Amino acid sequence: MNNLEYYEKLRSVPENAKKTIQGGNLKGFTDINPMWRIHCLTEAFGPCGFGWYTDILQTWTEEGKDGKVAAFCKINLFIKIGEEWSKPIQGIGGSMLVNIFKGKPETSDECYKMAYTDAISVACKALGIGADVYWAEGRSKYDTKRNEPEPQSPNGQDGQEILCSRCGKTLPKEVKMQSGKVITGQAFAAKYGGLCPDCRKSEAKQRSERPA
């Protein structure tokens, strides 16, 4: 077997599996659809459970000094080539359990699912899956320069896009309210603390589900 066979086969990412990150330390870089990695594993090695599978070794949380709590997941990925199973390919992923938005803590009920997905992506890197994206970007969330502040400019002014302060998504130029009134995206963001309509709905739902 050519040592680079699977690396070369799985390194290229189709455009429909890419998404530009709109906010945070990796703004402007490329995110890869996690289902594309599952497609790659299945195409190259077979269905989950028969040609590849994962073992979850550990899940845990760690508290930060800023009130945030991160959730982590450690896995072993196994692949089958011919009749032989691989040694464990390890991956550790993370996501936020408790994050701070506008000075208030918010809890995610999907943090372990996202940490598990992230762990798969880390293990898949060892196989070369999506290598072209990582090679081209030249950095990741692990080596972001945190001490160099980005130039600040008013959100939504001077022709700039209006970005949601929570998800980083670009707000539409006009938003239709429940009353039927149409307001500008900038006015909506100002009214709801910089949030886009989707994040505003999500926040309202979370508040309604919290115990009194």
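Can you sort K9, K201, K80, K18 by solvent-accessible area, 1.4 Å probe, largest first? Don't jump to the answer; show the numbers that get you there.
Numbers: K9 115, K201 140, K80 55, K18 75 Å².
Highest to lowest solvent-accessible surface, that is K201, K9, K18, K80.
Express in nm, to one decimal, how much length is gained between T184 and N3 on full extension, taking 0.36 nm for each residue of separation and deducting their alpha carbon distance.
On the way: separation 181, 0.36 × 181 = 65.16 nm, distance 5.55 nm.
Between T184 and N3, full extension yields an extra 59.6 nm.
Please give the Cα centre distance for segment 37-65 versus segment 86-127, rounded to the nearest Å.
Using only Cα atoms, the two centres lie 11 Å from each other.
Between S202 and T107, with labels modelled 7 Å along Cα→Cβ, what's the label distance in nm to one decimal, could you check?
Inter-label distance under the simple model: 1.8 nm.
Need the full-extension length gain, W85 to D66, defined as separation in residues times 0.36 nm minus the C-alpha distance. One decimal, nm. Write out the running numbers ahead of the final one.
Details: separation 19, 0.36 × 19 = 6.84 nm, distance 4.31 nm.
Result for the pair: 2.5 nm of gain on full extension.
The values are calculated or read from the model by the stated rules, or taken from the named source; none is laboratory data. This structure is a prediction, so every number in the text was calculated from the model and none was measured. Heads up, the Cβs are rebuilt from the backbone with ideal geometry, glycines too, and the neighbour counts pull from every protein chain shown. Note: accessible area is taken over every heavy atom of the protein model, side chains too, but ligands, DNA and RNA are not part of it. Shrake-Rupley method; radii C 1.70, N 1.55, O 1.52, S 1.80 Å.
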